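The values are calculated or read from the model by the stated rules, or taken from the named source; none is laboratory data. Every value quoted in this text rests on a predicted model; they were computed, and no experiment measured them. Reconstructed Cβ throughout: ideal geometry from the backbone, glycine too, with neighbour counts over all protein chains shown.
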């Protein structure tokens, strides 16, 4: 029995050695391979000719609005239009009872005839007195009285004629005409209603809808920045003398079929919102746009020459709000660099300072990089697709 113990101990020791060797081999095979440089998507900065646009909220407004009010008082005899229809300038809309105004016109005509008769008598008397005063048959005072009476009769005739013209105008006002062409709304009165001159309530309203206005607002700081950029030459007008505008209705992705043009910007800043109102005009041949619609207007403010744009996803913000990007150098090491962004262009930032053509920046895999780390750069196709399309170069004048 004692001689078997050494053999048994040797067998146990051999089994333990084999087990430990197996565990060591397993441990070595389970060790992860050493990690290489992180793979990140990069783009190379290239200057290009980019459109500078801004999307602004706004509302549509009628091109012209005319509120129809009576200019004389009376009973409405007839309404001569269909509510909601299109009318033309000069079409008669209402007829007010003309009886009293016809009588006033006839009375004014009679006053003219009376004044003309009195004036003729005064002229004859003045003519006779002018001969008699020369021979001292009548006194100078009597002659002066006759001449003054002549002047009074002339003035009475002029007043009678003015009263006649006023009576004729009032009679014409009993027929109410459309001052502009457009679409007329509902009528606030019916036949038999009593209306008064220059009343507060309009009889009806006409709105010209083709063309139509679109009023949008822009912050005063954006407008001043645009003016500075144009003055310095960083941004040039897309079309000389024109600022095109594209319209989007509600949440629709497709733009409105007709392109508009910016007409003017207001010269007053709203103290409550620090914004300035801009007004664009759009053709509206099918009357698809109605006043009061909420719309989005893309204003093509100009074109930036030799612009540097980076995707918005590549730009991060520091604690102070400053913009910064990760730049990959020639040794594939990344460094964080602050930049100055000018404005947003589509899904990109227009960079005013901090980047040069030919430099590479990280746009994908930002969570993998750290200051001074070596990375494996690969082209970032998705980020390139997000950049705004470059505009064709402007045509050079012939020499």
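A few comments on the model shown:
- Residue 289 fulfils the conditions (1) in a strand (DSSP E or B); (2) at pLDDT 90 or above; (3) crowded, with 19+ Cβ neighbours inside 10 Å except for a single criterion, (1).
- Matching entry among 338, 319 (being in a loop (DSSP other than H, G, I, E, B) and either modelled with pLDDT of 90 or more or in the same structural domain as residue 49 (by TED's automatic domain parsing) (or both)): 319
Okay, residues lined up against (1) surrounded by fewer than 16 Cβ atoms within 10 Å (Cβ to Cβ); (2) in contact with a strand residue (DSSP E or B) (Cβ under 8 Å, 6 or more places away or on another chain); (3) more than 15 Å from residue 217 (Cα to Cα):
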{"position": "240", "(1), (2), (3)": "yes, no, yes"}
{"position": "244", "(1), (2), (3)": "no, yes, yes"}
{"position": "247", "(1), (2), (3)": "no, yes, no"}
{"position": "251", "(1), (2), (3)": "yes, no, yes"}
{"position": "257", "(1), (2), (3)": "yes, no, yes"}
{"position": "260", "(1), (2), (3)": "no, yes, yes"}
{"position": "264", "(1), (2), (3)": "yes, yes, no"}
{"position": "270", "(1), (2), (3)": "yes, yes, no"}
{"position": "275", "(1), (2), (3)": "no, yes, no"}
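- Every condition in (1) outside any helix (DSSP H, G or I); (2) crowded, with 18+ Cβ neighbours inside 10 Å; (3) not assigned by TED's automatic domain parsing to the domain that holds residue 194 holds for residue 135 except the one numbered (2).
- Restricting attention to segment 192-210, the residues that are touching a residue at least 12 places away in the same chain (Cβ under 8 Å), surrounded by fewer than 12 Cβ atoms within 10 Å (Cβ to Cβ) and either under 17 Å from residue 82 (Cβ atoms) or under 36 Å from the mean Cα position of the chain (by Cα) (or both) total 2.
- Residue within segment 176-187 that is part of a loop (DSSP other than H, G, I, E, B), crowded, with 18+ Cβ neighbours inside 10 Å, modelled with pLDDT of 95 or more and not assigned by TED's automatic domain parsing to the domain that holds residue 53 present: yes
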